1. What is the order of Lys2, Lys63, Lys239, fewest Cβ neighbours within 10 Å to most?
2. Students often forget the sequence filter, so: which aspartates and glutamates lie under 19 Å Cα-Cα from Lys175 once same-chain residues fewer than 8 apart are removed?
3. Show me 90-99, 35-44, 9-18, 199-208 ranked by packing, highest mean number of other Cβ atoms within 10 Å first.
4. Based on alpha-carbon positions alone, could you give the equivalent ellipsoid semi-axes of the range 4-104 from the gyration tensor, as √(5λ), descending, whole Å?
5. For the range 1-53, how big is Rg over Rh, using alpha carbon atoms and the Kirkwood form of Rh?
6. Using R₀ = 35 Å, calculate the FRET efficiency as 1/(1 + (r/R₀)^6) where r is the Cβ-Cβ separation of Arg154 and His28; round to 0.05.
7. Please work out, to two decimal places, the log10 of the ratio I(q)/I(0) at q = 0.17, 0.18, 0.31 Å⁻¹ from a Debye calculation in which every Cα of the range 51-106 carries one identical scatterer.
8. Using Cβ contacts closer than 10 Å as the measure, can you line up Trp45, Trp51, Trp220 from fewest to most?
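Here, each number is a calculation from the coordinates, and none is a lab measurement. The shown structure was predicted, so the numbers you read here are calculated from the model rather than taken from an experiment. In this analysis, Cβ positions are derived from the backbone assuming ideal geometry, glycine residues included, and neighbour counts consider all displayed protein chains.
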Amino acid sequence: MKYNAIWISDVHLGSRHAQTDLLLDFLHESQCRHLYLVGDIIDGWELRRRWLWDTNSNTVIQKILRMNRKETRVTYVYGNHDEFLEEFVGLNLGGVRLVERAIHEGVDGRRFLVMHGHQLDGLVYFNRLLERVGSRIYDWILEFNLHFNRVRRRLGFGYWSVAAHLKFQAKSAVKYVTQFEEGMVHIARQAQVDGVICGHIHRAEIRNVDGIEYLNCGDWVESCTALAEDFEGNIHLLKLHPSRTRGSKPANASGPGAVVPTMVRAEQSRSCPNVPAPVPQPELAGLFNSGH
Ligand SMILES: [Mn+2]
């Protein structure tokens, strides 16, 4: 499939949960002018604990670099698990643009802020307080959180994530997702853009919140999702084709010679021919397993 832009996040290369087989199939089948890696592509925290960098992880990186050498402009927006890359901002990493956030100019003229979303950690706790004191302190806490985790990293501590703390409380988790969305929309509004494209909470989504588009890439640990912009400027949520599941080989359900695509638009996934089972929906309880 050809797209103007593709966004993926939370691949967590280096953790044993990364679905690299499926991701490679998707990348091989896709062509795009812009590829955005929306954070947590490499799991630096996991690699520090135990080295799990396999051939597939190399192949993913090589594939992305090859795309960048050809017709695709690759932008790597780092997240909390690959924040170690921050030190390389400005260096030429195989020609890949490495940034903390980016602006995507859509085909239809809309502008989207692209950032991972971990910048909001430490913020959601303060939401009730923020309702009273307004948004200036919101920005201040964002800044504080950035430095706080930078210091933690220098001292060799792990990343402190609010989401990880809330993982066993379903009600809090629902609230967290809502507050995360509201937080990202707030940042988008401050940046005067039409929408925000992020990752981090491992929950793919496209929705409009008070006139601002909120788009989340999801992840390649559990749900295997991506966002893709067509040449009219519509952004679609892509999910695994129903015949593909994690760890499965492509099944040519529609007969010899027919190739089943790895990914399908979420809105079309129910009307696929020869579909044996519905797309497994990521469960909220499983969202926070990997600490994002
Ligand atoms: Mn993250």
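1. Listing Lys2, Lys63, Lys239 from fewest to most nearby Cβ atoms yields Lys2, Lys63, Lys239.
2. Asp121, Glu131, Glu205, Asp210, Glu283
3. 35-44, 9-18, 199-208, 90-99
4. 20, 17, 11
5. Over the Cα atoms of the range 1-53, Rg/Rh equals 1.05.
6. 0.35
7. Reported log10 I(q)/I(0), two decimals: -0.64, -0.71, -1.24.
8. Trp51, Trp45, Trp220
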